[in-house]
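Chemist: Below is the structure I would like to discuss, written out as structure tokens.
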Amino acid sequence: MIDSRQPSGGEGDFPDALAADGAAPRPQLVREHWCDLGGEWQAALVPFDSTAPAPLATTAFSPPPFDRTIIVPFPPESPASGIGHRAPLAGLWYRREITTEHVIEAGFTGGDDRLIVHFGAVDYRADVWVNGQYRGAHEGGQSPFSIDITDAVEDAPLDLVVRALDDPSDLEAPRGKQDWQPEPHAIWYERTTGMWQPVWLEAVPRASVRRVRWSSDIDRDLVELVADIEGAAPGAVLEVRLRLGDEQLASARVAATARTRVLLDVPALRNGVDRDRLLWSPHHPVLISAEVELIAPGSRRDRVGSYLGLRSVAVSRGRFVLNARPFTVRAVLSQGYWPQSHLAAPSVDALRQEVAAMKAAGFTAVRLHQKAEDPRLLFFADRLGLAVWAETASAFSFSERAVERLAREWTELVRRDLSHPSIVTWVPLNESWGVEQITVDERQREYTRALISLTRALDGTRPVVGNDGWEVVDSELIGVHDYRGADAIVADWSAASSAAEALERFGAAGRRLLLTPRDAEDSAIVISEFGGIWWSEDSANSWGYGDRPSSLEEYEERVRSVFRAVQSSSVLAGFCYTQWADTAQETNGLVTADRRPKLPLPTLFGIVRG
């Protein structure tokens, strides 16, 4: 029998999502109690054999001997995991004990409470057992999932076992920059197998809030909340309060159903000369605190802390528009890769410092490249003020299976992240990866259009880039990749008198820019990859675009010149420099792999801001 050691009411204090300061693994749905399950787990590696069939995803409980220890949530390929296994893996098994103390720390009060294990991301397929009993599975290496283990609580301590399967030769699975070759090369890096985002335990009331979705219509002075509710019974109500510091902006109380929609009128937005103080932007990243409380008969109250930002984004007259005003995109491309922990963040503070350093270097935006980032980084982008182009990992092959996999995972990711005000653009595809024959294969064009339409159906509040880089389909925001030198960029993009002329004349890497006609004057063009100038003292083990500068002084001048080139064009709505940090052998970062600036941050600030 579990002794919860909690007061009989079990309701606790109201959590403040903004006071959590990035520690909560799900920043916009925070409860007072949760238990981090990171740290030491037992592990057993499953080696990859290219001559043998991939391991079967059976539900039978048959783990191999657990012969080593791994530090979760770092992938076994990384040094931070304590393993650093570089050869290809077919998967691995994890095991750890969930004690009574963990259950209590998670906030379990007994009665009708439910106990949930949350997984931030497990690459690529995960199967879960508790005390030898199969509990469920999830496919998708970047999206979250949860497993209800309530009926096992009375048997604590619990034996939690997770199997991750990730065939390194599977080109139909979204994999992003994970190399298919044994060793990293060019722009491809070490693989990631298994857990690489937080794992945590949380107790929730029988009637609980499962998901919140925030959106705002600042022209109509409205905020909308859509809350997914589990276990709501007749008589349940949802109370919502919005605050800016001590100022209450709005409140509402509505009947709660499985999907509850709440419209909140925000009178403070009606004051046209005062409302800017409420609006989120990179220059003024104000966030609104939200208290969401579910009150249901026969269940303790579920108190959830959340937050949102009030802002609008659009494309108009060739410009990116934020809060009805032109916003020049000054972005940097981030691979989100770390030498010690690979795709996993080394710490919460490292994520905070990453965003802060990009801001200090003069950037107002970041393109998260070929990776769905840890939501805690999005928290810091929200809080510190950094606009985000949100992307995901691409598959490399086109097939029915590849279509199904990416569409499902992209849906999960958009739903996970769409409440973050920092996200201003969605990027479901990059450089025709997974649709390499898009110019001649109508099925691949239809798939691309379907992904764009799916994104707009899930979230109609943001622009969508239809295949970033080239061969763009059905997009009002056009991302172009151009790694030529400054003179060529100036000669082409600065010479163009209009967006239509630019899109008619210029292609990237010999590719057509647009595959579907549209009114170019209503489109915004962003050079979403350029530069790639590399500098490293170790030139033998380095790679970048073009030849290596002969000195740090020459490196600085080249960086300056390409920034001046894109800044000189009147038809561009902005730019994204490649890249923020050196990554493995690719040393074209503005900072080294361990985040030391190659040029002083004030110098970079002056270059970026022109």
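Any read-out appearing in this document is the output of simple, stated calculations on the displayed coordinates, not a laboratory observation. What you see is a predicted model, and the numbers here were worked out from it, not measured in a lab. With ideal geometry, Cβ positions are generated from the backbone for all residues, glycine too; neighbour counts draw on all protein chains shown.
Chemist: What shape does the stretch 370-528 take by its C-alpha gyration tensor, where a ≥ b ≥ c are the square roots of the eigenvalues and a/c under 1.5 counts as rounded, a/b above b/c as prolate, and the rest as oblate?
Modeler: Here the stretch 370-528 falls in the oblate category.
Chemist: Quick one: work out the % antiparallel among DSSP beta bridges in the stretch 327-609, nearest 5.
Modeler: 10 percent
Chemist: Between A255 and R317, how high is the FRET efficiency from 1/(1 + (r/R0)^6) when r is the Cβ-Cβ distance and R₀ = 30 Å? Nearest 0.05.
Modeler: That gives a FRET efficiency of 0.10.
Chemist: Further question on the same structure: Of all the stretches in the chain, which is the longest one without any exposed loop site, taking trypsin sites (Lys or Arg not before Pro) in a DSSP loop (any state but H, G, I, E, B) with at most 14 other Cβ atoms within 10 Å?
Modeler: Free of exposed loop sites, the longest segment is 318-511.
Chemist: What is the order of T59, T192, T592, fewest Cβ neighbours within 10 Å to most?
Modeler: Listing T59, T192, T592 from fewest to most nearby Cβ atoms yields T59, T592, T192.
Chemist: When a/c reaches 1.5 or more, the comparison of a/b and b/c decides; with that in mind, is the stretch 208-313 rounded, prolate or oblate per its Cα gyration tensor?
Modeler: Because a/c hits 1.5 or more and a/b exceeds b/c, the stretch 208-313 counts as prolate.
Chemist: I've got another one for you. Listed highest first by mean packing, meaning other Cβ atoms within 10 Å per residue, what order do 99-108, 47-56 come in?
Modeler: Taking the mean over residues of other Cβ atoms within 10 Å, the ranking is 99-108, 47-56.
Chemist: Positive end of the charge dipole of the stretch 41-162 (Lys, Arg +1 and Asp, Glu -1 on Cβ, about the Cα centre): tell me which of A121, F48, G111 has its Cα farthest that way.
Modeler: F48
Chemist: A further question follows. Using the charge dipole of the stretch 137-284 (Lys, Arg: +1 at Cβ; Asp, Glu: -1 at Cβ; taken about the Cα centre), state which of V262, A233, V273 has its Cα farthest towards the positive end.
Modeler: So the residue we want is V273.
Chemist: Using only the Cα atoms of the chain, build the gyration tensor, take square roots of its eigenvalues as a ≥ b ≥ c, and label the shape rounded, prolate or oblate: rounded if a/c is under 1.5, else prolate if a/b is larger than b/c, else oblate.
Modeler: Cα axes put the chain in the oblate bin.
Chemist: If you average the sequence gap of Cα pairs under 8 Å that are 6 or more apart and divide by the length of the stretch 7-76, what percent do you get for the contact order?
Modeler: 33 percent
Chemist: Continuing with this model, one more query. Quick one: if you take sqrt(5λ) for each eigenvalue of the C-alpha gyration tensor of the stretch 327-609, what semi-axes come out, biggest first, whole angstrom?
Modeler: So the three semi-axes of the stretch 327-609 are 28, 24, 18 Å.
Chemist: Evaluate the charge dipole of the stretch 35-202 about its Cα centre and quote only its size in Debye, nearest 20, assuming +1 on the Cβ of each Lys and Arg and -1 on the Cβ of each Asp and Glu.
Modeler: 460 debye
Chemist: Take every DSSP beta bridge with both residues inside the chain and express the antiparallel ones as a percent of the total, to the nearest 5.
Modeler: 75 percent
Chemist: In addition: Gain in length, D594 to E554, computed as 0.36 nm per residue apart minus the alpha-carbon separation, to one decimal in nm?
Modeler: Here the segment from D594 to E554 would lengthen by 12.2 nm.
Chemist: Full-extension gain between T516 and D13, please, as 0.36 nm times their residue separation minus the C-alpha to C-alpha distance.
Modeler: 175.7 nm
Chemist: For the stretch 208-313, with only Lys/Arg (+1) and Asp/Glu (-1) charged at the beta-carbon, what is the dipole magnitude about the Cα centre, in debye rounded to 20?
Modeler: 280 debye
Chemist: Right, something else. Given contacts defined as C-alpha pairs under 8 Å and at least six residues apart, what's the relative contact order of the chain, whole-number percent?
Modeler: 13 percent
Chemist: Once every DSSP H run of n ≥ 4 in the chain is given -39500 (n - 2.57) and the sum is divided by its residues, what mean residue ellipticity at 222 nm do you get, rounded to the nearest 500 deg cm²/dmol?
Modeler: -5000 deg cm²/dmol
Chemist: Using unit Cβ charges (K, R positive; D, E negative) and no other charged atoms, how large, in debye to the nearest 20, is the dipole of the chain about its Cα centre?
Modeler: Dipole size: approximately 1220 debye.
Chemist: Working from Cα positions, state the angle (0 to 90°, nearest 10) between the long axis of helix 375-384 and the longest principal axis of the chain.
Modeler: Compared with the principal axis, the helix lies near 60 degrees.
Chemist: While we're on this one: Assuming 0.36 nm per residue, please report the length gained on full extension of the stretch S539 to L454 beyond their Cα-Cα distance.
Modeler: 26.2 nm
Chemist: Considering only DSSP beta bridges whose two residues both sit in the stretch 357-513, what percent are antiparallel, to the nearest 5?
Modeler: In the stretch 357-513, DSSP labels about 10 percent of beta bridges as antiparallel.
Chemist: Also: Could you point to the residue in W93, V199, P184 farthest towards the positive end of the stretch 35-202's charge dipole, with +1 and -1 charges on the Cβ of Lys/Arg and Asp/Glu respectively?
Modeler: Result: P184.
Chemist: While we're looking at this one, here's another question. What is the distance in Å between the Cα centroid of the stretch 544-610 and that of the stretch 296-357?
Modeler: Measuring centre to centre over Cα atoms gives 23 Å.
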